[in-house]
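Heads up, the thing below is written out as structure tokens.
The values are calculated or read from the model by the stated rules, or taken from the named source; none is laboratory data. As the structure is a prediction and not an experimental result, all values here were calculated from the model. Note that each Cβ is placed from the backbone with ideal geometry, even for glycine, and that neighbours are counted across all protein chains shown. Accessible surface is based on the protein model in full, side chains and every heavy atom, while ligands, DNA and RNA are left aside. Shrake-Rupley method; radii C 1.70, N 1.55, O 1.52, S 1.80 Å.
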Amino acid sequence: MSLKGKTAIITGSNSGIGLGVARELARAGADVVLNSFTDRDEDHALAAEIGREFGVTGRYIKADMSKGEECRALIEQAGACDILVNNAGIQHVEPIDTFPVDTWNRIIAINLSSAFHTTAAALPLMRKAGWGRIVNIASAHGLTASPFKSAYVAAKHGVVGFTKVTALETAEEPITANAICPGYVLTPLVEAQIPDQMKVHDMDRETVIREVMLTRQPSKQFATVEQLGGTAVFLCSEAAAQITGTTISVDGGWTAL
Ligand code: NAD
């Protein structure tokens, strides 16, 4: 399958899942626009490197997803948006009664409201192009809850709801909107926690992964960023043209429990 000639914008994509999704979309032939809130040489170099590796155009556009006007400017600056992947996200773990108000507002802004702003700016471009795919990276926490993650769980449930509304508003058009709900994914951030957890629990790597990190993931394996990218590519394929307004879990059975 080829996404040649399509432009994909992936928010929060200079690391982790966003970067993995950008790489798989580029591998499938899409021109990619990487994004984060920083504007370092290495951000631009990363995008250019993906472009070279896969023979596509790789660009990096700085935009802070906590600010609505910057979310919209990202899409406008890109000039085209056939594939929109709303991926940027942050987490904070604290009980509701002491959860800082600023942190609540920031999580709702980055994890939920950014998708509203980018989608609003992208839909006219998709309509003009006569084709569009919106892939929102929600979470197993868009379908289930955990204590002390109130803002994150609320935002991710919100993303799932927003995805359904987007799908209904575009149902008769060649545009789809879906949410991917990952369980625990092996990103560099997660990998970096393993040695500390091994020390704290006095366990070997395999036991820490099984007993501590993946307690809720029945497969006892992390999902990978390549698998998330592959799922996004599938949602952009012709086979997925009638898949809209739904969620795909990539969670090793977490939400089956
Ligand atoms: P990560 O920290 O590696 O990546 C987050 C990305 O978002 C980074 O590129 C970061 O620069 C960017 N970002 C943060 N704040 C931003 C802002 N204000 N503006 C623009 N970009 C910003 O994390 P990740 O694990 O790759 O997470 C990516 C998405 O996947 C998030 O939405 C997260 O909730 C979701 N998710 C992750 C997991 C997991 O296990 N890692 C599981 C389920 C869902």
(message) If I stretch the segment between ASN105 and GLN242 completely, what's the gain in nm (0.36 nm per residue apart, minus their alpha carbon distance), one decimal?
(response) 45.8 nm
(request) Please give every one of the aspartates and glutamates within straight-line cross-link reach of LYS4, meaning a C-alpha to C-alpha distance under 14 Å, and leave out same-chain neighbours fewer than 8 residues apart. (result) GLU24, ASP31, ASP82, GLU238
(request) Tell me the Kirkwood hydrodynamic radius of the stretch 2-73 in angstroms, computed as one over the mean inverse distance between distinct C-alpha pairs. (result) 11.9 Å
(request) For the chain, find the longest principal axis of its Cα atoms and tell me its angle to the long axis of helix 225-235, 0 to 90°, nearest 10. (result) 40 degrees
(request) Report, in degrees rounded to the nearest 10, the 0 to 90 angle that the Cα long axis of helix 188-201 makes with the longest principal axis of the chain. (result) 0 degrees
(request) Calculate the tail of P(r) for the stretch 114-155: the fraction of all Cα-Cα distances greater than 16 Å, expressed in %. (result) 50 percent
(request) Using a 1.4 angstrom probe on heavy atoms only, work out the carbon and sulfur share of the accessible area of the chain in %. (result) 55 percent
(request) Output the direction-averaged projected area (hull surface divided by four) of the convex hull of the alpha-carbon atoms of the chain, in nm². (result) 13.9 nm²
(message) I'd like to know which of MET198, THR231, MET213 lies farthest towards the positive end of the charge dipole of the stretch 190-232, counting +1 on Cβ of Lys and Arg and -1 on Cβ of Asp and Glu.
(response) THR231
(request) Calculate, in nm to one decimal, what SER146 and THR57 gain on full extension: separation in residues at 0.36 nm each, minus their alpha carbon distance. (result) 28.0 nm
(message) As a test of the definition: which semi-axes, in Å, follow for the stretch 23-147 when you take the square root of five times each eigenvalue of its alpha carbon gyration tensor? Largest first, please.
(response) 28, 17, 15
(request) Give the relative contact order (percent, whole number) for the chain; include only Cα pairs under 8 Å separated by 6+ residues. (result) 19 percent
(request) Please build a GNM for the chain, connecting alpha carbons under 10 Å apart, and tell me which residue among GLU206, GLU42, GLU173 fluctuates the most. (result) GLU206
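Could you sort LEU214, LEU125 by accessible area so the largest value comes first, with the probe set to 1.4 Å?
Correct descending sequence by accessible area is LEU125, LEU214.
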(message) Is there a quick way to get the dipole size of the chain? I mean about its Cα centre, with the Cβ of Lys and Arg at +1 and of Asp and Glu at -1; what is the value in debye to the nearest 20?
(response) 440 debye
(request) Relative to the compact-globule scaling 2.2 N^0.38 Å, provide the ratio for the alpha-carbon radius of gyration of the stretch 125-257. (result) 1.21
